[in-house]
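Just below is one structure, and these are the notes that go with it.
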Amino acid sequence: MDYVIEMLNIRKEFPGIVANNNINLQVKQGEIHALLGENGAGKSTLMNVLFGLYQPEKGEIRVRGEKVNISDPNVANRLGIGMVHQHFMLVDTFSVTENIVLGSEPKKGATVDIKKAEKEVLELSKRYGLNVDPKAKVRDISVGMQQRVEILKTLYRGADILIFDEPTAVLTPQEIKELIVIMQSLVKEGKSIILITHKLKEIMEVCDRCTVIRKGEGIGTVDVSQTNPNELASLMVGREVSFKTEKKPAEPKDTYLSIKDLYVKDVRNVHMVKGLNLEVRAGEIVGIAGIDGNGQSELIEAITGLRKSESGTISLHDKVISNLSTRKVTQAGISHIPQDRHKYGLVLDFPVGDNMVLQTYYQKPFSKKGVMNFKKIYEKAKSLIKEYDVRTPNEMTKARALSGGNQQKAIIGREIDRSPDLIIAAQPTRGLDVGAIEFIHKKLIEERDKGRAVLLLSFELDEILNLSDRIAVMFDGQVIAEVKPEETNEQELGLLMAGNTTEKAGAE
Amino acid sequence: MFTNRTINILIPIISVFLGLLVGAIIMVVFGYNPVLGYGALWEGAFGDSYFFGETVRMVTPYILSGLAVAFALRTGLLNIGVEGQVFVGWLASVWVGVAFELPMVIHLPLAILAAAAAGAFWGFIPGILKAKLGVHEVIVTIMMNYIALYSTNAIVRHVITEGEDQTERIAGSASLASEWIAEMTFYSRMHYGILIAFLMALIMWFILNKTTRGFELRSVGYNPHASNYAGMSVGKNIVLAMMISGAFAGLAGAMEGLGTYGYLATKSGFTNIGFEGIAVALLGANTALGVVLAAFLFGTLKIGALNMPTVAGVPTELVEIVIALIIFFVASSYMIRWVILRFKKEGK
Amino acid sequence: MNIIDILQSIIPQALFFAAPLIFTALGGVMSERSGIINIGLEGLMVMGAFVGIVFNLTFADTFGSATPWLSILAAMVISAIFALTHAVASITFRADQVVSGVAINFLALGIGVFLTKQWYDKGQTDMVSRPFYTKDVWLLSDIPIIGGLFFSNMYITSYFAIILAFVVWFVLFKTPFGLRLRSVGEHPMAADTNGINVYGMRYVAVMLSGAFGGLGGAVFALTIAMNFSQSTIVGQGFMALAAVIFGKWHPLGAMGAAIFFGFAQSLSVVSSGIPLLAEVPQVFLLIAPYVLTILALAGFIGRAEAPKSLGEAYVKGNR
Amino acid sequence: ACGSSDEGESSGDGGDSNESGGEAEASDDFSVAMVTDVGGVDDKSFNQSSWEGLQAFGDENGLEEGEGYDYAQSDSEGDYTTNLSRLVRQDFNLIYGIGYLLQPALEEVAEQNPDTNFGLVDSVAEGDNIVSITFKEHEGSFLAGVAAALKTETDKIGFVGGEDGDLIRKFESGYVAGAKSVNPDIEIDIQYAESFAAADKGKLIASNMYNNDIDVIYHASGATGNGVFAQAKDIKQNNPDEDVWVIGVDRDQHEEGKIDDQNVTLTSMVKRVDVAVNEVATLTMDGDFPGGEVMEYGLDDDAISIATTNEDAMTEEIVSEVEDWKEKIANGEVDVPSTDEELEEFESSL
Ligand SMILES: Nc1ncnc2c1ncn2[C@@H]1O[C@H](COP(=O)(O)OP(=O)(O)OP(=O)(O)O)[C@@H](O)[C@H]1O
Ligand SMILES: Nc1ncnc2c1ncn2[C@@H]1O[C@H](COP(=O)(O)OP(=O)(O)OP(=O)(O)O)[C@@H](O)[C@H]1O
Ligand SMILES: [Mg+2]
Ligand SMILES: [Mg+2]
């Protein structure tokens, strides 16, 4: 069998770190090849080398048997290599079509022939069942749709070797299913795919072979049909990993959070939460399942004081906290692990230590009469860094320099350490590797067992099913059903999330 | 051999050196003697205690306008309106200085506070417009500069005086000038304001680095979303940052009004104290100590330059060019850093 | 004065006042759309004014009536080269773009006055003998009302400015070059992965801003100031910068903003002849243009969205 | 004056040495210098004229530039004192401050340095060691007004001032008085650009004025006047038959008005600062420093005059009428107003 891609003994260094060391990757024509490794293992780096964004220090790349020098993305494009990046490479303010043709625009005279481009995009989209609107602005379309634009971008350039860097991390279960179908149809057309993902289940489901890298070193390539998730995980981490999170049954006590008839509008002044009712009790984890865009973000923002609620009440214990300021809500005993850790969770240019007191800097012992006590702050930071295993040179390191997983651990440490009554965790493990996920899940359960209330928002059904004691399904701004994890399955949840309550009634 | 810290200190020094070097080359190209030229500059800045006094006099407002720009930048705002805030501060201080007769312990602080308040008010307007309506602070501050220029002229002419081009001299009880310093420095106009400038540098450092307010201000500057999430009021902090920045600028005006001049004359154009403050702040890396040092460099170059045409025949503009080059080199520190690291590698 | 008379005296004036601002603001739009902040517009205008005047003085006899045109051409070329310093510092050396722009302002004035003193032995040049003059537009100026308002006593450079605004709009929003330039300012890495040379685009944009800024300065010098000195360009570059932001980084918006400034200025002059306004103290008329701008921004313009990567150096491979 | 003598005493021996120093000055080592305002010695205006005066003085007395006579250029308001003090420290015997803007700085430095003699051009300063040199610009402006009133065909004339203030009001008052003396019904539009360096504003104002049928504009506005000339020349270029005029200020601005073979400069109100500066320097060198005095130069000293370079425009009629009025001023028949109040009085007496 011929290899379409061969990367041999690739070495790539960054100042002070060897990201790839003697890595080999061989991809066969027409296969879906998984690339697996922990956060920071060097997967994205390897792919960026293949795509011409980075130049390797050592090693050889062959495409369809021929030795090549991929000096920049243009060369990669010419060789038929396309990449869907982990962080989308789309210009928000441009239309779908403009994004796709950017850099190789069809011309009419001096102008971009946008009509022709739109037609081509539409045809491509139809052919692969991608279903995008060529005229829509990228910032107006969903994340899943944006990803399809990325795919179209590579197809438009005639790529037949596609690299997907963590494409599923940002997708809802439905979107993941659709993506899998798309990938399979691409392979049927004779294209080859390299897929990076942390989700072993996905690898098992769609991939033919899997290459594992650990800490920049290639561990080996296995046939997926010859292996199982446990083996893959231990190859990746270098030790045994448990998947099912161990937890005792919940012992719910007093109602902590109680939401009645809540209405919330979004930035466009449209009602996104429409008469929602929800309760969370001490000692339980309530998971909110739902497809992105059904009012989950607005709900959380309303609880935490970041958004005004139009009507209805939110109360913590028996105190009404609707429309209090964020500061007051925090003081009332609510912690919030935000969805977007870079935008909301951290001041990236502050040291890790300063980030640890982002809400409490004005309180004793971190400050007295308005004067900061950095000694105390850094003492606290040190202990949190230790307790939550935040890997950072020290507490003075800028948060920006930490990896995503460690940034998230720092946030979680900070939020849990305030001993809140209610912890709101929004997508707490997004984009993290299994080791980190395991750690975070363990912490959340520990808190539950200490008698705290936990409200978990996640688009990953696995996480919802594993962690929750009770699942509230949100659809169109309301909780349309509540189910117990042990009494349901992904199938049923999927239907509920699509707004299908009759099925649910039938099942009971 | 070179830690990051030494590199950070080396960069401005190398930049200044390179700037002066290019200046010397320009002098040679145009047929001047650079030794004579820089000698004249040195003489003109430090030749005797008079020139030293004048240099310090020049440095004083630069420190404050530099602090004003630096403070705003540290909180994520670009205050191009320092120029206008200097004007209103100057006006307020002189107004208080001429309008009242009070004992010095009240009069002088009152006049200084008036300047700070006026500058703060002038900063408040772009601050509140940004916080409430999202109007870009750069345009508003540019516009406010012109408004300040024309309004202070009109107030001097029609409100404080009756049709005169300049106000009366301020009362002695509101003056920062000191006979003692004047005598020491052969009647230079150096005044006690330099102490205020130092104090303000200390205060800026303290506010930003040691207080909870400073923590909030910096946090909002770096990431307003996260600050909002953490329960800080973004709008309030933007307004406050602009007001504090404006207050520093107002004080720079007071240095002129109560120290150097003792009056306010109508002006045909900008004083440039504010615009040069941008350069001072940037050269000083927006830190308090850096601003003080950069202001000294600027003051030295500016005052020393006045001596260059008479003694060496070199046009004063040469110094403008040198200053611009120094700013360029500091800004391009990446290049210098790269060269130093190269050097370091080879040294090993 | 009736309303037509008033308009007739305001509009042509607003346009000649606005023309240099339009040119320069278009330069600002180019540069900032590519992601490079340009606070150095003032300095670019100074350079343009200096070169325009020096060229005109030197070659008036050689080139005759073509002199003003060649002068602005020379100003464009030299200013574009001068802008290269900003490009090198902020693109290649990753300098803080605001800092580098401030340095441009100092440098241009320093060089301009220094060389004036070297070459002319005095702080200001003589007046040029071949400036631009206004013209009535053939035929169009005879159209009743409109002709008087828009086609009489106009500088050809004013039309040129307006036409250029449309050209820039066309280039930015209709051509592949424009699409690429904007993508570089919004998301340079996306552009890079699409095979666009981010550094190259930014260099071109900054040099174009130099050319347009130089054009603005030269037009100012050759229609209004007539000579070059320390005080020829005093703040016009900052007004142009304000026009860029006021116009929301859009070429036509920037043009509109510049014309608005010109309109407000000329209104403040003309109003002394309008009965009701003649009573208003001078100072209010003086500050009116600036206050109006602030009110306009606060009132109906609102939040302006800058290009996403404005001010960020692009470092290949950084996330 | 009372206040200044008090302070003279308080600085004790300073006063004594002033007198002895002043008298002991020998002509062979006499030196004189000047500090410009922000205009510089080539501003085609009073700074330049002053410097020409000093150069002439140097030539006449065989002094060397740099040693015997020199100047210091100010780049900003803050430089005045520094420059003055520096020249004192370089032991110049007589130091001029050029321009009213230097008044406070000069007074201050003069008080600190009673041994040195100072001269202030264009304004009145107090101090025993200061001589104030002023000009009767209102008289010259009066004649400019006369010329304007005679030249205009629309009976509408204009005045463009730089920064509003006492000095420029003096120009304005004289001009208005002159024009009204010829034609009491003449309309005069007065505008201030609020800057001596705003050519664009000057052009806007001029354009507006010429649009409103004004055909003669007198500017007293430094570089702002560039805009006035630009506008006049532009009109002339478009329509060589249209008569628009500019009256220049300080120097003969004939050059500025040239366009092809025509010229829009009607005349200029010429102020011979050089004459005054030279004369005072000579007095001082001879030991007759007129300390504490105000030397007012006017038409009679030929320090103020009306240029007649543009012979086509300044017809014999106009010139002779201007001469008549000059006579009347000289013999006291007309008392030219120099302030707003005096002007009001003057107008009501017409
Ligand atoms: N631009 C860069 N500069 C410096 N170091 C880098 C850079 N990019 C990556 N690295 C380093 O290289 C290592 C590999 O990073 P890479 O992004 O390839 O990891 P990854 O396997 O894709 O992780 P994840 O699963 O989280 O996406 C990281 O540990 C990081 O420290
Ligand atoms: N600006 C920076 N300065 C220094 N180091 C950086 C910087 N950006 C990234 N790194 C390095 O990159 C490493 C990994 O970053 P990265 O964000 O890829 O982590 P990650 O685990 O892949 O998280 P995620 O999957 O959320 O992106 C960090 O450990 C850090 O050493
Ligand atoms: Mg990652
Ligand atoms: Mg990755």
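The values are calculated or read from the model by the stated rules, or taken from the named source; none is laboratory data. Given the structure is predicted, the values throughout are model-derived calculations rather than measurements. Please note: Cβ atoms are built from the backbone with ideal geometry, for glycine as well, and neighbour counts cover all protein chains shown. For the accessible areas, the whole protein counts, side chains as well, though only heavy atoms, and no ligand, DNA or RNA atoms are used. Shrake-Rupley method; radii C 1.70, N 1.55, O 1.52, S 1.80 Å.
Those helices (runs of 4 or more DSSP H) of the range C:208-319 in which 1 or more residues are of a type outside the set (S, T, N, Q) and at pLDDT 80 or above occupy C:236-246, C:251-270, C:282-296.
Taken over the range B:235-263, the criterion of being modelled with pLDDT of 95 or more and among the β-branched types (Val, Ile, Thr) is satisfied by B:ILE238, B:VAL239, B:ILE244. Within the range C:240-262, the set of residues being touching a Phe, Trp or Tyr at 6+ places or on another chain (Cβ under 6 Å) and surrounded by 24 or more Cβ atoms within 10 Å (Cβ to Cβ) comprises C:PRO251, C:ALA257, C:GLY262. Selection of the range B:292-348 for residues being among the aromatic types (Phe, Trp, Tyr) and more than 8 Å from chain C (Cβ to nearest Cβ) yields B:PHE296, B:PHE298, B:PHE329, B:TRP338, B:PHE343.
Quick one: in the range D:155-167, of everything that is buried (at least 21 other Cβ atoms within 10 Å of the Cβ) and assigned to a strand (DSSP E or B), which residue is farthest from the chain's Cα centre (by Cα)? So the residue we want is D:ILE157. Within the option set A:LEU130, A:LEU79, A:LEU90, A:LEU124, being away from ligand 4 (no atom under 16 Å from the Cβ) and touching a strand residue (DSSP E or B) at 6+ places or on another chain (Cβ under 6 Å) holds for one residue only, A:LEU79.
Of the residues making up the range C:160-191, those that are open to solvent by 10 Å² or more (accessible area, probe 1.4 Å) and touching a residue at least 12 places away in the same chain (Cβ under 8 Å) number 11.
Filtered by the rule that a residue be in contact with a Lys or Arg (Cβ under 8 Å, 6 or more places away or on another chain) and under 18 Å from C:VAL99 (Cα atoms), the range B:58-75 gives B:ARG74, B:THR75.
Contact map, the range A:1-27: first residue free of Cβ contacts under 8 Å to residues at least 40 places away in the same chain, second residue assigned to a strand (DSSP E or B) and away from ligand 4 (no atom under 16 Å from the Cβ), Cβ cut-off under 6 Å, separation 6 or more or different chains; pairs are A:MET1/A:LYS28.
Restricting attention to the range A:168-205, and to residues there that are of a type in the set (Ser, Thr, Tyr) and farther than 11 Å from A:ILE32 by Cα, which single residue is surrounded by the fewest Cβ atoms within 10 Å (Cβ to Cβ)? Among those that are of a type in the set (Ser, Thr, Tyr) and farther than 11 Å from A:ILE32 by Cα, it is A:SER185. Among the residues of the range D:96-121, those that are open to solvent by less than 10 Å² (accessible area, probe 1.4 Å), within 16 Å of the chain's Cα centre (by Cα) and not β-branched (Val, Ile, Thr) comprise D:TYR96, D:GLY97, D:GLY99, D:LEU102, D:GLY119, D:LEU120.
For the range A:377-384, the criterion of being assigned to a strand (DSSP E or B), farther than 27 Å from A:GLU460 by Cβ and open to solvent by less than 30 Å² (accessible area, probe 1.4 Å) is met by none of the residues. Assess whether D:TYR175 counts as being assigned to a helix (DSSP H, G or I), more than 10 Å from chain C (Cβ to nearest Cβ) and modelled with pLDDT of 95 or more. Yes.
Table: residues versus (1) in contact (Cβ under 8 Å) with a residue 60 or more places away in the chain; (2) open to solvent by less than 20 Å² (accessible area, probe 1.4 Å); (3) in contact with a Pro (Cβ under 7 Å, 6 or more places away or on another chain); (4) under 19 Å from C:MET127 (Cα atoms).
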| residue | (1), (2), (3), (4) |
| --- | --- |
| D:VAL216 | yes, yes, no, no |
| D:GLY222 | yes, no, no, yes |
| D:ASP274 | yes, no, no, no |
| D:SER305 | yes, no, no, no |
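Would it be correct to say that A:GLY333 is touching a residue at least 40 places away in the same chain (Cβ under 8 Å), on the phi > 0 side of the Ramachandran plot and surrounded by fewer than 22 Cβ atoms within 10 Å (Cβ to Cβ)? Taking the combined requirement at face value, the residue satisfies it. Among the helices (runs of 4 or more DSSP H) confined to the range B:168-242, the ones with at least 3 residues that are open to solvent by less than 40 Å² (accessible area, probe 1.4 Å) and without any contact (Cβ under 8 Å) to a residue 40 or more places away in the chain are located at B:212-222, B:224-229.
Does at least one position in the range C:83-99 carry a residue that is within 14 Å of chain D (Cβ to nearest Cβ), free of Cβ contacts under 8 Å to residues at least 60 places away in the same chain and surrounded by fewer than 24 Cβ atoms within 10 Å (Cβ to Cβ)? No. The set of residues from the range A:431-482 being farther than 23 Å from A:GLU279 by Cβ and of a type in the set (A, V, I, L, M, F, W, C) comprises A:LEU432, A:VAL434, A:ALA436, A:ILE437, A:PHE439, A:ILE440. Scanning the range A:64-92 for residues that are more than 9 Å from chain C (Cβ to nearest Cβ), touching a helix residue (DSSP H, G or I) at 6+ places or on another chain (Cβ under 7 Å) and without any contact (Cβ under 8 Å) to a residue 40 or more places away in the chain gives a single hit, A:ILE70. When D:ILE235 is tested against the conditions (1) within 11 Å of chain C (Cβ to nearest Cβ); (2) under 24 Å from D:GLY39 (Cα atoms); (3) surrounded by 22 or more Cβ atoms within 10 Å (Cβ to Cβ), the lone failure is (2). Reported count of residues in the range D:122-154, each being closer than 26 Å to D:ASP37 by Cα, assigned to a helix (DSSP H, G or I) and in contact with a Pro (Cβ under 9 Å, 6 or more places away or on another chain), is 1.
Condition check ((1) touching a Ser or Thr at 6+ places or on another chain (Cβ under 9 Å); (2) modelled with pLDDT of 90 or more) across all residues:
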| residue | (1), (2) |
| --- | --- |
| A:LEU152 | yes, yes |
| A:TYR156 | yes, yes |
| A:ILE161 | yes, yes |
| A:PHE164 | yes, yes |
| A:HIS198 | yes, no |
| A:LYS215 | no, no |
| A:SER225 | no, yes |
| A:ASN228 | no, no |
| A:LEU232 | no, no |
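Only helices (runs of 4 or more DSSP H) wholly contained in the range A:1-119 count here; list those with 2 or more residues that are crowded, with 22+ Cβ neighbours inside 10 Å and away from ligand 3 (no atom under 16 Å from the Cβ). Those helices (runs of 4 or more DSSP H) span A:73-78, A:96-101.
Rundown of residues vs (1) in contact with a helix residue (DSSP H, G or I) (Cβ under 6 Å, 6 or more places away or on another chain); (2) β-branched (Val, Ile, Thr); (3) within 13 Å of chain D (Cβ to nearest Cβ); (4) buried (at least 24 other Cβ atoms within 10 Å of the Cβ), yes/no style:
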residue	(1), (2), (3), (4)
B:ARG5	no, no, no, no
B:ALA24	yes, no, no, no
B:VAL69	yes, yes, no, yes
B:GLY76	yes, no, no, no
B:VAL105	no, yes, no, no
B:PRO109	no, no, no, no
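Looking only at residues in the range A:409-424 that are more than 14 Å from chain B (Cβ to nearest Cβ) and on the phi < 0 side of the Ramachandran plot, which one is nearest to ligand 3 (Cβ to nearest atom)? Among residues in the range A:409-424 that are more than 14 Å from chain B (Cβ to nearest Cβ) and on the phi < 0 side of the Ramachandran plot, the one nearest to ligand 3 (Cβ to nearest atom) is A:LYS409.
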